[in-house]
Amino acid sequence: MPRSRSRKKTQAQTQAVPRRRVAVQDDDGWTHITNTRRVATTTATTAPTTDQLIPAEIPDGLTLSQLRAQFDGHQEKWLASQTWKAIAASPIASSIASSNNNTTTTNSRTTRIDKFVCIALGSPSGFLRGGLIDRRAVSLFQLAAFISLIDLLSPNTRTYDDGDDEDDDEDDDEDDDEDGGEQRDGDQQLDAELLASLGVEVVRREAFGMVDEQTVVFGPGMERRHLVEVLARRPVVFFGGPLETSDEVLEEYSKNQSVRLPEFEPNTASFWGTSVFWRSFGRT
């Protein structure tokens, strides 16, 4: 019988690697999902290229007025949901009575909410990573929740600064208005215009450094290592989670008052495992 021979793989077959999705961490600690493909190289080739973080892709023809109408529709569903009603019915508003002068006194201590920070919202208008990921509905629902939380805790007292310099924090302590800021990744102009129309300033610096004991942090879906960094600063309110972990910082913060949010039926992914935590001002 003739001897059988196995087919040898060609050099191209052995070196080619299919396109895949990978997580890339940038210098600020953010993790991004991107596409990459290894290409067969020889000693004559140049140094390998690095993955690029690009803004979300906007659907053709989308305008600010159309995007604002989309937000209004998502906000209407959010405000009608049992998830939001659970927050509104909780003791948080009475526990943190943000009056027009933004002060609440308990046990001879004065605490003030002086800023609201939203972290890792995503793009309300565009597709992510070359159209592979569509999280617009999640971002719009989360943005609606962020705005409603500001309205609940600080009625008629919102103003915003540009947050371009860390030294601005000292100036913030001297006025009575809250700051609403959002740290952006892969930002594009239409998103910034939508946020501006809602009174939210895009923060083009490291938002984690802005957090202190007078900050409301909105961060559903934050990674665990970022949770540890943020909650170690003891923000007065945190919207996010879950905090079920053996980490000492998260375990300690979870002892604060809280309300576990019921499932958000229009879009479960938007607030999965989320709670709202708030510190008692007399608690050290």
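FYI, it's all coordinate maths here, none of it is from the lab. Remember, predicted model here, so these are calculated numbers, not experimental data.
Please work out, to two decimal places, the log10 of the ratio I(q)/I(0) at q = 0.17, 0.24, 0.28 Å⁻¹ from a Debye calculation in which every Cα of segment 226-284 carries one identical scatterer. Taking Cα atoms of segment 226-284 as identical point scatterers yields -0.56, -0.98, -1.21.
Starting from 0.36 nm per residue, how many nanometres of slack lie between residue 63 and residue 259 once their C-alpha separation is accounted for? Intermediate results must be reported in sequence, preceding the final value.
Working: separation 196, 0.36 × 196 = 70.56 nm, distance 3.71 nm.
Using 0.36 nm per residue and subtracting the Cα-Cα distance, I get 66.8 nm.
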